[in-house]
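Remarks on the structure that follows.
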Amino acid sequence: MNKIDQFLKDALVKNSSDLHFISGEPPRVRIHGSLTRLNDQPLTIEVVREALYEIMSGTVQRDFEQNDAVDFAYDIPGISRFRVNIMRHLNDALDMVRRHEYHRLAGRDRSFIKGQRYTLLSHQENLTLEGRRALRKLFKANKRLNVAYLLKESFGQLWDYETEGWARRFFDRWREALRWQRLEPYVKFADMIDRHWDGIASYCHPENKFSLGLVEGLNTKIRVLQRRAYGYRDEDYLKLKIVAAFLPPLGRGASNGPL
């Protein structure tokens, strides 16, 4: 069983519409528009990378490495078929800024950054008291990392908007805040989000947030149809059979002849 399978199964059990699998955050599911934690354990970059690369084919991996985002379908046999959307999260951009600052500085200024990778990439709410103190000391010593961290933390608000207009206004303001900050990895991230805005915008519409439980039921009925017919060679005929399977039954008085 692949590492992400249990998370997807848990999402199905909770009748959720989405699973959010983001490094530095606990896994979350969206239920009736609200995000709920599956557990309180933040996901590390290594765990997220391993879990996602495990379900990507070589072609999909190359597409992701080239474009920083990819969409594909993933099947758990006998359970359901899932649409997977992977984007490089701001944690990757923040880590690039951290490495740049580490190599740019020397001596005491560099010492504040050394050994703080996990602290910097975690949400403040997930840090221990010692971790929060280390973070404050780091930000006091390095203003660029302070700005980068605040921008990363604030970006998560984008996924809470339920209308495309407000989501776009937030993103445009967030992107405007990057000006003069010399955060090139963030600029590339913003460009990537802009290129894939249509997919993000559709996420904001309630009618597109189907329950995974509903999708599982639809997939199960379609598989039953295919098994009964030992497969269909005509794709259009299969579509008609699927539509017919979900029509309400005709009443006794319904006519079988032409109208």
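The values are calculated or read from the model by the stated rules, or taken from the named source; none is laboratory data. Bear in mind the structure is a predicted one, so any value in this text is a computation, not a measurement. Here the Cβ positions follow ideal geometry from the backbone for every residue, glycine too, while neighbour counts run over all protein chains shown.
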With criteria (1) over 29 Å from Asp95 (Cα atoms); (2) surrounded by 12 or more Cβ atoms within 10 Å (Cβ to Cβ); (3) modelled with pLDDT of 75 or more, Lys209 comes up short on (3)
Given segment 17-116, what strands (runs of 3 or more DSSP E) lie entirely inside it while holding 2 or more residues that are free of Cβ contacts under 8 Å to residues at least 60 places away in the same chain and under 25 Å from Tyr161 (Cβ atoms)?
-> 28-31, 34-37, 80-87
Restricting segment 74-127 to residues that are polar (S, T, N, Q) and more than 24 Å from Phe189 (Cβ to Cβ), the one surrounded by the fewest Cβ atoms within 10 Å (Cβ to Cβ) turns out to be Ser111
Just a yes or no: is a residue in segment 58-72 at positive phi and touching a helix residue (DSSP H, G or I) at 6+ places or on another chain (Cβ under 7 Å)?
-> yes
